[in-house]
Amino acid sequence: PYDHMLKIRKQNVSPSLATYYKKPLLLHQGHMQWLFDYEGRRYLDLFAGIVTVSVGHCHPKVTAAAQKQLGRLWHTTNIYMHPSIQEYAEKLTALLPDPLKVVYLTNSGSEANDLAMFMARLYTRNFDIICFRGGYHGGSPYTQGVTSIRSYKHGVANGFGCPTTMLPDVFRGPWGGSHCRDSPVQTVRKCSCSAGHCHANDQYIEQFKDTLNTCVPKGIAGFIAESIQGVNGAVQYPKSFLKEAFQLVREREGVCIADEVQTGFGRTGSHFWGFQTHDVVPDIVTMAKGIGNGFPMAAVVTTREIANSLAQNLHFNTFGGNPVACVVGSAVLDAIVEDGLQKNSEEVGTYMLLELAKVRDKFEIIGDVRGKGLMIGIEMVKDKDGCQPLPTEEMNQIWEDCKDMGVLIGKGGIYGQTFRIKPPMCITKQDADFALEVFHAALMRYME
Ligand code: PMP
């Protein structure tokens with residue numbers, strides 16, 4: 001059916017839904033960390049439908065839970081109660097620290113972030129939302145305003161003019177920070193940090209303060225940030241940066257929004273939520289992608305006070321909190337615990353990061369290997385000294401080769417220069433070895 005499918009795709013599906021690879025894949029089936037095409041070829045999925053298939057394609061328990069609910073009740077809207085929304089809300093909030101105990105369910109990450117920013121504005125009665133360069137928070141008008149990657153800036157009016165501060169990136173940023181990020185692998189860039197004190201962090205905090213003092217009014221509505229920048233290629237901040245930034249935002253009345261769309265649900269290994277690795281408690285947490293293992297659902301979790309400020313206004317959502325979504329979400333949480341996936345993220349992720357660091361040391365075109373758990377970025381450069389991004393065609397050669405050898409990886413970064421490895425969290429060490437072998441072979445072929 002391949003040629004026929006490609007023809008219809010070109011005729012009737014929006015070209016902005018761009019497919020990966022010169023010859024796009026036509027997939028037939030998925031099982032845990034594996035995908036199968038129509039010709040029966042098997043691929044190790046290291047991108048999980050863009051960091052979404054958290055517990056595995058068609059995970060048997062999640063599938064069974066969805067099937068059972070599909071035969072019972074599909075939809076009610078929120079004007080009636082059904083048990084699964086209460087059960088899910090209780091289970092999800094049990095995983096969050098006080099005072100984050102109130103859930104609003106939505107259908108996508110963009111919608112969750114829209115709502116979070118709307119809540120911040122209603123609660124503070126201020127307007128400005130601060131964000132970082134390199135952050136991605138969605139494709140809706142509100143979230144486009146806080147998505148700060150040039151390929152998502154379209155040259156026409158969109159967003160709401162939210163101030164963007166700098167990119168506190170210890171690899172690409174101006175100040176280095178060679179032992180300052182929360183990762184088993186540090187950058188090879190030199191910096192003037194001394195043990196226990198991060199000079200890069202001081203610089204970034206000064207810059208952040210400067211933006212707040214010069215670009216925004218006294219009172220701001222909020223600050224939105226990912227714990228690790230996902231679309232930007234697993235970019236990490238210096239260790240104590242987010243904590244200090246939260247404090248500065250709160251001094252200006254702003255609420256702190258943690259976008260856990262990619263970093264939540266155990267992906268970073270050491271903690272269930274990415275923000276916990278920064279030792280902060282946000283005022284609002286948004287989540288999507290991995291929450292439903294591919295089922296369209298998302299959530300905003302916040303405090304009673306902030307939730308109440310929204311409740312004073314009529315705000316409605318037809319599909320959020322759908323019974324099937326709630327049952328799926330609940331089964332995903334069970335699978336993470338029962339299958340030991342957070343621990344697996346930590347173990348397999350750390351193993352991959354350390355092995356990839358050895359590959360980095362061998363090849364001049366790998367500038368940086370970074371990340372935490374199964375949230376990994378490999379930044380490709382022309383050469384290590386210059387940090388110039390590897391041109392797209394060259395990136396693609398390596399990436400297509402990996403696919404041809406049975407390994408699917410993602411791409412991202414401000415210049416599209418970073419490979420992204422964010423597989424279903426059920427991936428094994430043996431799978432990691434296979435992936436490393438394939439990546440190495442693709443690099444060797446590139447060097448020929
Ligand atoms: N936040 C982050 C961190 C994301 O990575 C994404 C999607 N890439 C979104 C928000 C938007 O989510 P969605 O595509 O479900 O609207």
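The values are calculated or read from the model by the stated rules, or taken from the named source; none is laboratory data. Predicted, not measured: the structure shown is a model, and the values here were computed from it. For neighbour counting, all protein chains shown are included, and Cβ atoms are generated from backbone atoms with ideal geometry for every residue, glycine included.
Just a few scattered comments:
- Answer residue from segment 203-244, given it is of a type in the set (D, E, K, R) and in contact (Cβ under 8 Å) with a residue 12 or more places away in the chain and is nearest to the ligand (Cβ to nearest atom) among those: Glu226
- Within segment 310-327, the set of residues being among the small types (Gly, Ala, Ser) and buried (at least 18 other Cβ atoms within 10 Å of the Cβ) comprises Gly320, Gly321, Ala325.
- Qualifying residue in segment 169-184 (condition: among the polar types (S, T, N, Q), in contact (Cβ under 8 Å) with a residue 60 or more places away in the chain, more than 16 Å from the ligand (Cβ to nearest atom) and closer than 30 Å to Gly386 by Cα): yes
- Scanning segment 34-54 for residues that are farther than 17 Å from Lys23 by Cβ, assigned to a strand (DSSP E or B) and not charged (D, E, K, R) yields a total of 2.
- Residue among Gly254, Gly274, Gly294, Gly290 that alone is of a type outside the set (D, E, K, R), farther than 30 Å from Trp74 by Cα, within 13 Å of the ligand (Cβ to nearest atom) and surrounded by 18 or more Cβ atoms within 10 Å (Cβ to Cβ): Gly274
- Arg250 meets the conditions (1) within 24 Å of Gly176 (Cα to Cα); (2) at pLDDT 95 or above in every case but one. The failed one is (1).
- Condition check for Val156: assigned to a strand (DSSP E or B) and either surrounded by fewer than 24 Cβ atoms within 10 Å (Cβ to Cβ) or in contact with a helix residue (DSSP H, G or I) (Cβ under 6 Å, 6 or more places away or on another chain) (or both): no
- Residue within segment 130-150 that is within 13 Å of Ile257 (Cβ to Cβ) and more than 15 Å from the ligand (Cβ to nearest atom) present: yes
- Residue in segment 298-310 that is assigned to a loop (DSSP other than H, G, I, E, B), within 16 Å of the ligand (Cβ to nearest atom) and within 23 Å of Thr147 (Cα to Cα) present: no
Yes/no per residue for (1) surrounded by 22 or more Cβ atoms within 10 Å (Cβ to Cβ); (2) of a type in the set (Asp, Glu); (3) in a loop (DSSP other than H, G, I, E, B):
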site	(1), (2), (3)
Lys91	no, no, no
Pro97	no, no, yes
Leu105	yes, no, no
Asn113	yes, no, no
Met119	yes, no, no
Leu122	no, no, no
Ile130	yes, no, no
Arg133	no, no, yes
Gly139	no, no, yes
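- Residue list for segment 83-124, filter: of a type in the set (D, E, K, R) and within 16 Å of the ligand (Cβ to nearest atom): Glu111, Asp114
- Within segment 336-360, the set of residues being under 23 Å from Val170 (Cα atoms), touching a residue at least 24 places away in the same chain (Cβ under 8 Å) and either charged (D, E, K, R) or surrounded by fewer than 15 Cβ atoms within 10 Å (Cβ to Cβ) (or both) comprises Glu346, Leu354, Glu355, Arg360.
- With respect to (1) touching a strand residue (DSSP E or B) at 6+ places or on another chain (Cβ under 8 Å); (2) crowded, with 17+ Cβ neighbours inside 10 Å, the lone exception for Ala200 is condition (1).
- Per the conditions (1) within 22 Å of the chain's Cα centre (by Cα); (2) farther than 24 Å from Thr392 by Cα; (3) part of a loop (DSSP other than H, G, I, E, B), the sole criterion not satisfied by Ser192 is (1).
- Contacts under 7 angstrom Cβ, first residue in segment 122-143 being β-branched (Val, Ile, Thr), partner within 11 Å of the ligand (Cβ to nearest atom), 6 or more apart: Ile129/Val146; Ile129/Ile224; Thr143/Ser110; Thr143/Asn113; Thr143/Asp114; Thr143/His137
- Close contacts from segment 95-115, counting a first residue that is within 21 Å of Gln144 (Cα to Cα) and a second that is within 13 Å of the ligand (Cβ to nearest atom) and acidic (Asp, Glu), with Cβ to Cβ under 9 Å and a gap of 6+ residues or different chains, come to Thr106/Asp114; Gly109/Asp259; Ala112/Asp259; Asn113/Asp259.
- In this structure, Ser54 does not satisfy being of a type in the set (Gly, Ala, Ser), over 22 Å from the mean Cα position of the chain (by Cα) and either over 15 Å from Cys326 (Cβ atoms) or surrounded by 21 or more Cβ atoms within 10 Å (Cβ to Cβ) (or both).
- If the condition is being crowded, with 24+ Cβ neighbours inside 10 Å and either touching a helix residue (DSSP H, G or I) at 6+ places or on another chain (Cβ under 6 Å) or farther than 24 Å from Val55 by Cβ (or both), then segment 411-438 contributes Gly413, Gln417, Thr418, Lys422, Pro423, Pro424, Met425, Ile427.
- Single residue of segment 277-287 satisfying the filter (among the β-branched types (Val, Ile, Thr) and buried (at least 24 other Cβ atoms within 10 Å of the Cβ)) that is nearest to the ligand (Cβ to nearest atom): Thr286
- Of the residues making up segment 363-383, just one is crowded, with 24+ Cβ neighbours inside 10 Å and more than 21 Å from Ala432 (Cβ to Cβ), namely Gly367.
- Selected residue (criterion: farthest from Asn293 (Cα to Cα)) from residues of segment 21-44 that are exposed (fewer than 15 other Cβ atoms within 10 Å of the Cβ) and in contact (Cβ under 8 Å) with a residue 40 or more places away in the chain: Lys22
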